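I have placed the structure first, in the form of structure tokens, so that the comments after it can refer back to it.
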Amino acid sequence: MSRCGSAERGVNLVELVVAIVVISIATTGVLLVFATAVRYSADPMIQQQALAVAEGYLDEILARPVVDPDGTQAGESGRATYDDINDYAGLSDSPPLDQNGSADWNADGQPDLPGYTVSVAVFPNQNLNGVLMARVDVTVTYAPVVNFTLTGYRAN
């Protein structure tokens, strides 16, 4: 039962279409932000893992002397037998390997760090403020996310 003269007001079709368009535009913007965040959410983990790999290699290399202790390269056929920094020059591993030259394997038969590549460059006799040093560059790559070089020095 309605009273005479009372006006019932609802939403007309034009207002409804405008509201749907505004809500659609706002929702699209929010979803684009979420999509971008999700796409790059693993990047920090990949970068941290690459840094840990580079630090491990650099620590191993810098623990060796600059001058070959036995004065010969004889019998040095892998990382387990490297006895000086210069032995590591030109080393390239993909995936990263442990000091004995083997990769850690998952239960599924895949290496722990597939896609990572490690390369080592050694620059002996670098003069740093009057002190002769060996410079070691360890480059870790996980394309296209990570490509950086960690550098360390060891006095001669």
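Every number here is computed from the coordinates shown, using simple stated rules; none is lab data. Predicted model, so just to flag it, every value in this text is computed and none were measured. Here the Cβ positions follow ideal geometry from the backbone for every residue, glycine too, while neighbour counts run over all protein chains shown.
Brief remarks follow.
- Relative contact order of the chain, pairs being alpha-carbon contacts under 8 Å that are 6 or more residues apart, as %: 20 percent
- Counting other Cβ atoms within 10 Å as a rough exposure proxy, the listed residues ASP104, ASP137 run ASP104, ASP137 from fewest neighbours to most.
- Here the extension length gained between ASP112 and THR72 equals 11.0 nm, from 0.36 nm per residue of separation less the Cα-Cα distance.
- Computed [θ] at 222 nm, helices only, for the chain once each DSSP H run of length n ≥ 4 contributes -39500 (n - 2.57): -10500 deg cm²/dmol
- Taken about its Cα centre, the range 42-155 carries a charge dipole of roughly 380 debye when the Cβ of each Lys and Arg holds +1 and the Cβ of each Asp and Glu holds -1.
- Once the chain from GLU60 to ASP83 is taken as fully extended at 0.36 nm per residue, the excess over their C-alpha distance is 7.2 nm.
- Correct option for mean projected area of the Cα convex hull in nm² [calculated from the coordinates] among (1) 22.1; (2) 19.7; (3) 11.9: (2)
- Here GLU55, GLU15 are placed in order of increasing Cβ neighbour count within 10 Å, fewest first, which gives GLU15, GLU55.
- Using the Karplus relation 6.51 cos²θ - 1.76 cosθ + 1.60 with θ = phi - 60°, the per-residue 3J(HN,Hα) values for the range 80-94 come to 5, 9, 5, 10, 8, 4, 5, 5, 7, 4, x, 4, 9, 10, 8 Hz, with x marking Gly and Pro.
- Between ASN12 and SER24, the distance separating the two model label sites (each 7 Å from Cα on the Cα→Cβ line) works out to 2.1 nm.
- With neighbour counts taken as other beta-carbon atoms within 10 Å, the residues PHE148, PHE34 rank, fewest first, as PHE34, PHE148.
- Positive end of the dipole of the chain (Cβ unit charges, origin at the Cα centre): among VAL122, ASN147, ALA37, the Cα lying farthest that way belongs to ALA37.
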